[in-house]
1. Among the residues of region 214-228 satisfying the criterion of being small (Gly, Ala, Ser) and in a loop (DSSP other than H, G, I, E, B), which is nearest to PRO188 (Cα to Cα)?
2. Please enumerate the residues belonging to region 1-20 that are at pLDDT 95 or above and within 18 Å of ALA88 (Cα to Cα).
3. Going by the structure shown, is GLN109 modelled with pLDDT of 95 or more, within 27 Å of ASN157 (Cα to Cα) and in the same structural domain as GLY169 (by TED's automatic domain parsing)?
4. Can you confirm whether region 70-90 contains a residue that is buried (at least 18 other Cβ atoms within 10 Å of the Cβ), of a type outside the set (Lys, Arg), outside the structural domain of GLU229 (by TED's automatic domain parsing) and under 14 Å from the mean Cα position of the chain (by Cα)?
5. Where the second residue is outside any helix (DSSP H, G or I) and at pLDDT below 95 and the first is farther than 16 Å from VAL95 by Cα and of a type in the set (A, V, I, L, M, F, W, C) and lies in region 45-73, which pairs have Cβ atoms under 7 Å and are six or more apart or on separate chains?
6. Every residue in region 40-98 that is under 27 Å from LEU143 (Cα atoms), charged (D, E, K, R) and not in a loop (DSSP other than H, G, I, E, B), please.
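The values are calculated or read from the model by the stated rules, or taken from the named source; none is laboratory data. No experiment lies behind these values; they were computed from the predicted model shown. Here the Cβ positions follow ideal geometry from the backbone for every residue, glycine too, while neighbour counts run over all protein chains shown.
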Amino acid sequence: MKLTEFDALSFDCYGTLIDWEDGLRGGLMKVASLSPHAPSVDALLETYGEAEARTERENPGMRYPDVIAQSVIAAAASHGIEVPAGLAAEIGASVPRWPAFPDSPEALQRLKQRYKLIILSNVDRQSFAGSNQRLGVEFDAILTAEDIGSYKPDPRNFEALLAKTDEMGIARGRLLHVAQSLFHDHVPAKAAGLPTVWIDRRAGKDGAGATPIPDNAPTPDWRFTSMAEFADAVEHDG
C-alpha cells in the first residue's frame, strides 16, 4: 500500500493540525493560579482530557465551547479547585485563537495538489471557522460534531464521514484518515475499515497530554511526527 493510492484525506483538526494542547494550556494556567495546591499544568491537561471525553460521551449534542467549559470545571474540581463559570466560558470560547502547528498550512497546501481534503472534527462550526483561517486551505468538506450530533470516538462520526465520501464520489478504499489521537480517531477509523496515518505530535514527550490512552490501541498504517514529514513522504511516493 502506498500513500499515493488514495484520492482523499480526512483529518482530525485539534491535536493534528491545530495545537490543541497549547491552546488549552493558557486557560489551564489561569485555573492553576486559583489554588496554591494546584498540580502542574501537564497533570491538569491529562485530567482535562479524561473529563472532556466523559462530557462528550454523556452530552453528544452539546456545542464544543460548552463541552470545554464543563470539562474545565470538572477537571479542576477533581483537584479541589473551584473555577468561576466566567473563566470556564472564556476558555471554551478560546478555540478560534488556538495556534496552528507551524507546519500545518504549508503541508495542507502541498497535499491539496493531490487529494481532496476533508475535516472530521470534534468541534462546532463557529469555532472551526476561526481555525480554518489559520490553516489557510479550502477543505472539500467539513464535518463537525455539531453537524453529526456526536463526538468521536462515537462510530456515528465515521459513518457520517463515509456517507459524505460516498456522496462526493470517492470510492471505498480510496480514503485515508489522518489524525494524532489514537483514542478519538484511530480506534473508530480502524473499526470503520479505514487505513490511517498517525501524526504523532507527542513523540518524545512524557505522559498522555490531553488525549486519553485507549485500552486496545490499533496499529496505524503509517506514523509521522509532523504534517511536514507526512507531506514529504507523499511526494516521495509520487
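1. Only one residue tops the list, namely ALA217.
2. Those that are at pLDDT 95 or above and within 18 Å of ALA88 (Cα to Cα): none in region 1-20.
3. yes
4. No; the residues of region 70-90 include none that is buried (at least 18 other Cβ atoms within 10 Å of the Cβ), of a type outside the set (Lys, Arg), outside the structural domain of GLU229 (by TED's automatic domain parsing) and under 14 Å from the mean Cα position of the chain (by Cα).
5. ALA53/PRO212
6. Residues satisfying the conditions are GLU46, GLU50, GLU52, ARG54, GLU56, ARG57, GLU58, ASP66, GLU90, ARG97.
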